[in-house]
Each structure stands twice: as structure tokens, then as C-alpha cells.
1. Using the Karplus equation 6.51 cos²θ - 1.76 cosθ + 1.60 (θ = phi - 60°), what ³J(HN,Hα) coupling, rounded to whole Hz, does each residue of the range 109-116 give in order, writing x for Gly and Pro?
2. How many Lys pairs in the range 1-98 lie less than 22 angstrom apart by Cα atoms, where the lysines are 8 or more positions apart or on different chains?
3. How far is it, in nm, from the label point at Glu15 to the one at Thr174 when both lie 7 Å from their Cα along the line to the Cβ?
4. Using a probe of 1.4 angstrom, how much of the accessible area of the chain is carbon and sulfur, in percent?
5. When the C-alpha atoms of the chain are aligned to their principal axes, what extent does each axis show, in angstrom, from largest down?
6. From the phi angles alone, apply the Karplus equation (6.51, -1.76, 1.60; θ = phi - 60°) to the range 117-127 and give each ³J(HN,Hα) in whole Hz, x where the residue is Gly or Pro.
7. What nm distance separates the two modelled labels at Asp151 and Glu73, each placed 7 Å from Cα along Cα→Cβ?
8. Please list, in order along the range 19-28, the HN-Hα scalar couplings obtained from phi with the Karplus expression 6.51 cos²θ - 1.76 cosθ + 1.60 (θ = phi - 60°), rounded to whole Hz, x for Gly and Pro.
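The values are calculated or read from the model by the stated rules, or taken from the named source; none is laboratory data. Model, not experiment: these values are computed from the prediction. Cβ sites come from the backbone with ideal geometry, for glycine too, and all protein chains shown count toward neighbours. These area figures cover heavy atoms from the full protein model, side chains too; ligands, DNA and RNA do not enter into them. Shrake-Rupley method; radii C 1.70, N 1.55, O 1.52, S 1.80 Å.
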Amino acid sequence: MPVGINFTKMSPELEQLIQLQHLESAIAEARAHITAHPQRIAEADARLAEADRVVQEASQRLKDAQKARGDSEKDAAIYQGRLTKFKDQLAAVKTNREYTAMQHEIETAQKELGAAEEKVLERMMEIDQLTADLKQAEAAKAAEKKTVDADKAALAAEFAADEKKLAEKTAGRTALVASLEPRLMALFEQVAKVRKGVALSMATRDGLCSICHVRLRPQVFQLVRQNDSVVQCDSCQRILYWVPPPAPTPPPVTIGK
Ligand SMILES: [Zn+2]
């Protein structure tokens, strides 16, 4: 509904009903915002919790890789020890057969040591990558925290403004209702109840109800344009009012003609 309607030539009854509709709509809007507030806070918190979960997972993957590296280093140390022992024993062998067998053992131990050292290298590279991932996740979390803090501050300010608006509009409504004829109030409430809180509708210039878009009968449209009685839309039952088109502005004065 347009704000700042020119009420001249409009009946006081219609003026009051239009004002009541403004107040009712503003109250409903403020209430809806207030009701949605906890959910919006929860959504902001959930974004931060998700960023934190990513950090925890990255941190756990890094810890796992560090442990795996430690295990591979232990394996390498064991194979190294075995190799050293075999090399010492090689000096003490007495027969060719023993010598060949020992050389075979040494070869196997060397292969095992090489594989374990390879694994240590792989783990080190993996740890570099996981360290970078963790750093990135922590940076993303810090950025998300900033956004969430700002959003929550804005939400708190909005909530306070909505509560203030609700109190003001409710007081305005109470005062208006006290001066409104009970039959008008009853009509307003009856229509508002079945029309999602919107009991008034403007008639368009071409004679339609602006909300249900049904064409008004000519005599109804004629009555509505007089703006001095309560007329309802035949289709949606909303109370109709008329906003006269602005008076044509006079052409600009031309000087020096
Ligand atoms: Zn209608």
C-alpha cells in the first residue's frame, strides 16, 4: 500500500482503515522478523561451526600422517640395524655356502630399508601438503568468524529496531482502534482474517482491484472513486479505496519569448 497517500477528500472512516492497515502490516512484519531472529543467529553459528569442523579434520589428518611417518622411521631403523648386523656377520662366515646365504640376507635387508626410506619421504611430502591445508582451513575459519561476528552484530541491531517498531506500532494501533467505530473494526478483522491480514485494496486507474485483479463493476468503481464510503471488492471482499492521479503539472514557464 502506498505510503503518503493524500487523504484530502477521503472520508475519515477510510482514512482510519488505511492507517489501521499500515499499522497491522508493520506489526506483522516486525513480529515475523522477531520470530525469525533465533533461527538467523543459529544459521550464523552453524557457518562458524562448519569452518571449525574443517579445521579439526585437517588437523586430525596431519596428526595421522605424522604418526605414520614416525612408524615408517621406526621400520627404517629396524632394517638398518638388521643390515648392520648382517654385515658384521659376513666377516665371520667360514664357508662359501654361508657367505652366499649371508649376502642374500643383506640384499633383502637393503631392499626393505630402501622401501621404508621411500615411505618416510612420501610421508614427509604428504605432511607438507597437509600442513598447508591446515593453514588454509585456519585462515578460512578466521575469515568466517569475522563475517559471523559482523552478521550477529547487525542481527542484534535489527532485532532491537524490530522490537522498538513493534512497540510503537502496537501503541499506535491501540490508539486508533479506540477511535474506530466497532462495526468498521469488525469488518476489517473479518476480511483480514480470511485475506492473510490484508483487508484493504487500492482500485487501479483502469478499474481493477489491485490485489485480486478482478474488474470492478462500473457502479462499484464509481462509488470507490468518491472515496466517501466503505465499498468492498465483490471478488476478494477487501475494502476498496481510490488514490486520485496527481494533478497535471503546469508546463514550465519559458522566458524571453
Ligand atoms: Zn479484490
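1. 4, 5, 4, 5, 5, x, 5, 5
2. Values: Lys63/Lys74; Lys74/Lys85; Lys74/Lys87; Lys85/Lys94.
Eligible lysine pairs with Cα atoms under 22 Å apart amount to 4.
3. Going by the 7 Å Cα→Cβ label model, 2.4 nm.
4. Numbers: 9590 of 16840 Å².
Solvent-exposed carbon and sulfur of the chain make up 57 percent of the total.
5. Largest first, the chain extends 127, 60, 34 Å along its Cα principal axes.
6. So the J values, rounded to whole Hz, are 5, 4, 5, 4, 4, 4, 4, 4, 5, 4, 5.
7. 4.2
8. So the J values, rounded to whole Hz, are 5, 4, 5, 4, 5, 4, 5, 5, 5, 4.
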